[in-house]
Every structure is written in structure tokens, then in C-alpha cells.
Amino acid sequence: MLAVTMTFLCCSCFDTANTTETMDDNPIKLTKKYDGKEVSFLPPPVSSYLKAETEKEQAEILKQNEFSACYGLNAEFYWESDEAEEFIVHFSKNSDFSEETVARSFSTSLEDFGVLSELLPGEKYYWKVTDAAGEKTSATDSFVYKDEAVRIIVADGATNIRDIGGWKTTGGKTVAYGKIFRGGRLNDIKANGKKTFNQRLKIKTELDLRKDSDDGGQKECAFGENVAYKKLSLGQYGYVIPSFKEDKPYFRRYDGYSCETIGKIFALFADEENYPIYYHCNAGADRTGTLTFLLNGFLGVPYESLVKDFELTSFSAYGKRWRGEIDGDGFINGVMQDDNLNYVAFGELYKLIMENYAEENETLSEAIEKYLKTACGVSDLQLNNIRKILIED
């Protein structure tokens, strides 16, 4: 009997878990079983960061993982068999597997992590393994995909991809999963990555926030001929605020096209025919982070959650993105980087929105709504449509 005990993970910073011995007589034996328990697919550092309540705790975790590049899925699905060399891994919400999503494997472990991108946090799933012909099978196991408000997406040849859904609003509602995804560039996406976008996420619109000068030559959808490709170049952080002016040290100014671009983007968001949507820049951090701040902030996601979503990029290969500089017990300002290489100013963007668009006692959501309407020309009808599409009870 061939017995393989391995942990297949997406990066070196994950913990290794022990396999579970099985005693069944099936020709394929699961060597990792969950028995209906809740399972986290997030890397341990990411889970720890999301749970951290104080700025000091959050800052410490970010600094400890500054170079870890551990963004990915902490997923373990493996088995043993001496009767097959090619396998199909089946996942389904139904115990009879009447509706399922599958992945092919040529070893005794799940190899295509893209299949997990189709699963939704908070749901119970059943899984089993068969041979390629479907004649030999394992027992069926089940697990609950733990909902930690972060749904990481794996697409071969791209990274820093996640669902913008899952976050709670100040009104107690939730941004819906499966509608809009954010992430990094797709110029080097592989065949399995295209499969993730086309078959698993079923993306209908790719929204590219880059300029012609930094788009790597991309002029059409990176993963499907029948997917709409929209290029709407966007600035980042203070550059999208009309009053923004910083004389020293780099004489930064509001860029005149960003508000018009944001108006067009929110018009796109207001049409349900465009969904699901994937938007990106290069790193999926700055321009993408600015847009996500405006969208989820408008929907009512509090600043504390918006910050965490933004800073998740710090665990990716694209490197740190912090709300400000870290010093001592927390963050000392709203600008992490201001030099000739980049301008990273998430905290400053929040400050500018509140200073320019919030009256006394008004919320961030109200301030962003006023900005979208007065500076970007987004209509009440469009905003209401976006709420209907993206907010669930």
C-alpha cells in the first residue's frame, strides 16, 4: 500500500498539520479528514492579523511578516491509494454530489488550488476522491469553510487576489461574496489561472485601472475572448481628491481625470449585467486599494475593516502596504511611503475624505457618498443599484 503523508501549501510560512489515520476498506483512503469541523483556509499569520484588535498587535504582526510572502491558501486535502495513478477530487454542498466542482490530480494530494476558489466561506462542503474513471472511490468527508471575512482566490500566474465580499457594515449587513474581486496584474496568467476566472468565478468584466504606459501591453481581456475588458485609468490615495496638494517633497497634486474615471467605474458597478467583476492594477494594492476603500466604504464597511483589507497585500509577494508608518505601539501617520518609487497613503486618503466631505457627526460612508455624488457625478439611482447588488442581510 502506497502511503503518502504530505502537506501541500502555498507558501513556507504555513504550519504543517498531521494527517489522520483511516480504517475504511475503500480503494482510495483519505489521509486527512475533517469530520464536519470548521476549517480555516487562511495562512496562520493572516488569521492572527485579522483577529488582532489593537493597532499595536496589528503593527507587530505586519512587521513580523514583512518579507514572508505567505499569501495563499492553507489547504490540506490528501489521500493514499495503490489502485490508481490519476484522481478526481470532488467538492459539493450536497452529500450526493448532484452538483459539484472537481479538480484533477496526478498525485495523492490536491494540486489545483483554483478549485477552492469556487467554494464560499460559511458553507458546509462534502469532498471525496475517485479515480479518473469514477470507478474507485474514497469515503466522503465534510467540512465547514470558516468565514473570516476574507476569501482568497488562487489563480495560477497571478496573485494578491481576493473577494471584496464578506465584510460587515456598520448597519449589521454583509457585502456579498462572489460579485466583485480585486487583485494584481494578469499579464502572466497561466491556463489554470484562466480556468479560475472563467469557469470557477465566471467573471464577465475585467476592469483594468492602469495607464497605457504601465499596463505591460495588455489591450484585451487576459483570460477570455468573451469577457468584457474595460480600461479606466485611476489615480491612488490623495490623487483622487480634488483639494489634494502636497508641495513637499514631491509636489503631488490631484490628477484631473480620476474623479471622471470613478464616475465611470461606479456606473459600471451599477449595472448588474457586468457582474461578476474583477478589477486590478499591477500589484492590486494602491489603485486597487483606493477603489476598494471607496466602494466598500460607501457600502458601510467601517474604516477598521477597510484598513485590514488593504493591509492584506502585505502578506503577498508585492510587499508591505501599511496604513502609515509604524513606530512604537502603532501607526504614527497616514503615509507609509512618499518617495520617487511610490506613494502609499491609505490613512491620508481616509483623512482627506473626512476633512473634505464629512459634516460633524457624519460617518465615513456618508462622506464617501457625498464625494461620489459631488466630485464624481455618481447619481442616487446608481448608488442605490450598487447597494441592491452588493449588500445582503
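To keep it simple, each residue is scored yes or no on (1) open to solvent by 20 Å² or more (accessible area, probe 1.4 Å); (2) over 22 Å from the mean Cα position of the chain (by Cα).
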{"residue": "Phe67", "(1), (2)": "yes, no"}
{"residue": "Cys70", "(1), (2)": "no, no"}
{"residue": "Ala75", "(1), (2)": "no, no"}
{"residue": "Glu83", "(1), (2)": "yes, yes"}
{"residue": "Phe87", "(1), (2)": "no, yes"}
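Taking residues in segment 108-126 that are open to solvent by 10 Å² or more (accessible area, probe 1.4 Å), and partners anywhere that are assigned to a helix (DSSP H, G or I) and charged (D, E, K, R), the pairs with Cβ atoms closer than 8 Å and at least 6 places apart or on different chains are Glu118/Arg200. For the residues Gly347, Gly334, Gly297, the requirement of being in a loop (DSSP other than H, G, I, E, B) and open to solvent by less than 20 Å² (accessible area, probe 1.4 Å) singles out Gly334.
The residues of segment 257-273 that are assigned to a helix (DSSP H, G or I), more than 15 Å from Lys230 (Cα to Cα) and open to solvent by 70 Å² or more (accessible area, probe 1.4 Å) amount to a single one, Glu272. When Asp188, Asp215, Asp247 are checked against the criterion of being of a type in the set (Asp, Glu) and surrounded by 16 or more Cβ atoms within 10 Å (Cβ to Cβ), Asp215 stands alone in meeting it.
When segment 352-393 is examined, which residues are found to be among the small types (Gly, Ala, Ser) and buried (at least 17 other Cβ atoms within 10 Å of the Cβ)?
Correct list: Ala358, Ser365, Ala367, Ala375.
Against the list (1) open to solvent by 10 Å² or more (accessible area, probe 1.4 Å); (2) closer than 22 Å to Gln382 by Cβ; (3) in contact with a helix residue (DSSP H, G or I) (Cβ under 9 Å, 6 or more places away or on another chain), the condition Tyr254 fails is (2). Against the definition (open to solvent by 40 Å² or more (accessible area, probe 1.4 Å) and under 27 Å from Leu50 (Cβ atoms)), how does Arg323 come out, yes or no? Against the criterion (open to solvent by 40 Å² or more (accessible area, probe 1.4 Å) and under 27 Å from Leu50 (Cβ atoms)), Arg323 does not qualify.
The values are calculated or read from the model by the stated rules, or taken from the named source; none is laboratory data. Keep in mind that this is a model prediction, so the values were computed, not measured. Note that each Cβ is placed from the backbone with ideal geometry, even for glycine, and that neighbours are counted across all protein chains shown. Quick note on the areas: whole protein, heavy atoms, side chains included, nothing else; ligands and nucleic acids left out. Shrake-Rupley method; radii C 1.70, N 1.55, O 1.52, S 1.80 Å.
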